[in-house]
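Everything on this sheet refers to the single structure shown next.
The values are calculated or read from the model by the stated rules, or taken from the named source; none is laboratory data. None of the values given here were measured: they were computed from a predicted structure. Using ideal geometry, Cβ is built from the backbone for each residue, glycine included, and neighbour counts are taken over all protein chains shown. We work out accessible area using only protein heavy atoms, side chains counted, and drop any ligands, DNA or RNA first. Shrake-Rupley method; radii C 1.70, N 1.55, O 1.52, S 1.80 Å.
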Amino acid sequence: MKNQMYEAVSLLLEKFFLLANFRLLNIGSSVEEEEKKKHVTYDITCFKPGDLLEVPRTLFIHFGIYLGDNMVAHLMPDILPAFTNDHRQIQKVVTNKRLILGVIAKIARIRVDTVDDFAYGGCILVNHMDVHFKNKVLGSEEVVCRAKKLVGTTDYSLLWNNCEHFVTYCRYGSGVSFQTDKFCEIVKMIIRDQRSVLASVLLGLASIFYLGLAPSTTLPTIIIPFTLWMVG
């Protein structure tokens with residue numbers, strides 16, 4: 001039953017992406033570029049157990065903890081654990097559908113993958129965050145031990161429990177996310193900018209014009225600009 005539910009939800013999501021002609025997380029990537037990524041190799045002799053690995057993406061940075069023996073522990077949103085306990089299925093590379101549904105459902109898994117599967121062709125930065133945590137780096141054995149203990153299904157929150165929170169807790173003893181801080185600062189800037197009030201009013205009026213006068217269009221047109229004005 002769980003598998004059938006997952007397949008139905010996945011099919012709906014796939015049809016939605018096809019209808020919108022939108023390939024999430026692969027914007028601007030050609031088939032040739034994706035094939036090249038699959039054939040990138042990494043020199044794992046540069047990594048030591050307990051190292052914090054970063055892989056810059058188009059919209060975000062993905063983080064992991066190197067465990068040794070070409071394996072990396074990292075946190076990824078994933079809907080599949082909510083539908084099955086089959087470890088072989090769960091351990092397969094997380095697809096975009098699984099990832100997006102995991103974000104929406106707030107379900108994630110701290111998983112262990114090879115360096116290749118973790119980085120997926122991206123460049124890897126090593127211990128790049130150490131400059132922000134001087135004299136707070138834990139011993140390599142402690143870092144690896146923390147990461148291994150947390151492997152498994154967990155809650156996911158874009159703001160409070162993402163892959164960056166996981167690695168900073170393991171390596172520095174406290175979970176923080178600089179990406180989240182930057183995101184919150186951007187949101188604050190948008191809210192404080194009074195032009196966002198005008199933009200929300202214009203969008204609301206446009207929705208009323210095209211969709212008609214109804215509670216679903218009128219109330220947001222009033223409430224959203226008013227809220228932005230009050231908190232700005």
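Couple of notes before you dig in:
Every residue, every condition in (1) at positive phi; (2) surrounded by 17 or more Cβ atoms within 10 Å (Cβ to Cβ), yes or no:
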| site | (1), (2) |
| --- | --- |
| LEU101 | no, yes |
| LYS106 | yes, no |
| ILE124 | no, yes |
| MET129 | no, yes |
| LYS134 | no, no |
| GLU142 | no, no |
| LYS149 | no, no |
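- Test: TYR156 is under 25 Å from LEU99 (Cα atoms), free of Cβ contacts under 8 Å to residues at least 40 places away in the same chain, surrounded by 13 or more Cβ atoms within 10 Å (Cβ to Cβ) and not polar (S, T, N, Q): no
- Screening the range 126-232 for helices (runs of 4 or more DSSP H) wholly inside it with 1 or more residues that are under 30 Å from ASP78 (Cβ atoms), of a type in the set (S, T, N, Q) and out of contact with any Ser or Thr (no Cβ under 6 Å at 6 or more places or on another chain) returns the ranges 140-149, 163-172, 178-192.
- Neighbours by Cβ (under 6 Å, 6+ apart or cross-chain): first from the range 67-96, over 24 Å from ARG146 (Cα atoms) and hydroxyl-bearing (Ser, Thr, Tyr); second open to solvent by 50 Å² or more (accessible area, probe 1.4 Å) and in a strand (DSSP E or B): none
- Here ILE224 passes the criteria (1) in contact (Cβ under 8 Å) with a residue 40 or more places away in the chain; (2) buried (at least 16 other Cβ atoms within 10 Å of the Cβ) except the one numbered (1).
- Condition check for VAL112 on (1) under 22 Å from VAL176 (Cβ atoms); (2) at pLDDT 95 or above; (3) open to solvent by 30 Å² or more (accessible area, probe 1.4 Å): one failure, at (1).
- LYS92 being touching a Gly at 6+ places or on another chain (Cβ under 7 Å) and part of a loop (DSSP other than H, G, I, E, B): no
- Lone unmet requirement of (1) under 28 Å from PHE183 (Cα atoms); (2) free of Cβ contacts under 8 Å to residues at least 24 places away in the same chain for CYS145: (1)
- Subset of the range 40-69 [loosely packed, with under 15 Cβ neighbours inside 10 Å and either out of contact with any helix residue (DSSP H, G or I) (no Cβ under 8 Å at 6 or more places or on another chain) or on the phi > 0 side of the Ramachandran plot (or both)]: ASP43, THR45, CYS46, PRO56, ARG57, THR58, LEU59, GLY68, ASP69
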